[in-house]
Amino acid sequence: MTTRQLKHYVENPKIRSMRVRSWFHAVSQASGLTVGELEREFREEGSARTPRSCIWNKYKRGEVVPRSRYQGDGRPKLVERVEARYPGTEKWLFSPLWLLADVAPMEMSDLRRIYEGLPPRIREYFILPPSLVTKVFWRCPLHSEQLLMELLRFHTVEDLVAAVALIREAEIIQSRPLFQYWILAIQNLMRQVDWGGLRNSMIPRELREYLQRRWAIG
């Protein structure tokens, strides 16, 4: 599940700015290009005009969301064209991390789609094997300590997604003990996460401070 999949979702402007700037930073790191060079490299195909003035500066500042998916004639839009040249950059724009960090209401069905999109080593802690899934039950019993050891062992961004999802789940089911447990756990995770394409950017710090305010954690 990504930011493109939650119906009736009105995105918090701070979250939108962070995710667009994350995408820009990942593209900048992967390409090694300046803003001007990115303007020239990804101007509209077949256009003889000069690149749109300062549009990549607007991405850099998180002011404009880049166009994605495909045009009516099947041609890819900007995000897909960038992804084709610099694989792995698109995920920063559409990571479920941004949905989870936002204040918009979520349901268990939303979390299920996020859990199902996690890497298999994490997903197995949340989703029952297909043979055991029923029309009603799909969730594994939660073994918090064992799961936390797994998340701290690898400390990828996907591990952070799982932890933030568990905080949102605790809100949905109104479990104060689970909420408090994962609030404490996430502080350790955020200090250890390998941010990959966001290394040397302000985004990890900014997101950490945002979540601290969001859930009043120290």
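Per the listing Arg113, Arg176, Arg199, Arg123, the residue uniquely basic (Lys, Arg) and within 14 Å of the chain's Cα centre (by Cα) is Arg113. A Cβ distance below 7 Å, combined with a sequence gap of six or more or placement on separate chains, defines the contacts here; from the range 149-174, residues that are on the phi > 0 side of the Ramachandran plot reach residues that are open to solvent by 10 Å² or more (accessible area, probe 1.4 Å) in the pairs His155/Gln192; His155/Val193; His155/Asp194.
Can you pull out the residues in the range 50-87 that are closer than 18 Å to Glu11 by Cα and either in a loop (DSSP other than H, G, I, E, B) or at pLDDT below 95 (or both)? Within the range 50-87, Arg61, Gly62, Glu63, Val64, Val65, Pro66, Arg67, Ser68 qualify. Return the residue satisfying two criteria in turn: it lies in the range 114-170 and is part of a helix (DSSP H, G or I) and acidic (Asp, Glu), and of such residues it is most open to solvent (accessible area, probe 1.4 Å). My answer is Glu145.
The values are calculated or read from the model by the stated rules, or taken from the named source; none is laboratory data. Values in this document were obtained by computation on a predicted structure and should not be read as measured data. Reconstructed Cβ throughout: ideal geometry from the backbone, glycine too, with neighbour counts over all protein chains shown. The area values use the complete protein model at the heavy-atom level, side chains included, leaving out ligands, DNA and RNA. Shrake-Rupley method; radii C 1.70, N 1.55, O 1.52, S 1.80 Å.
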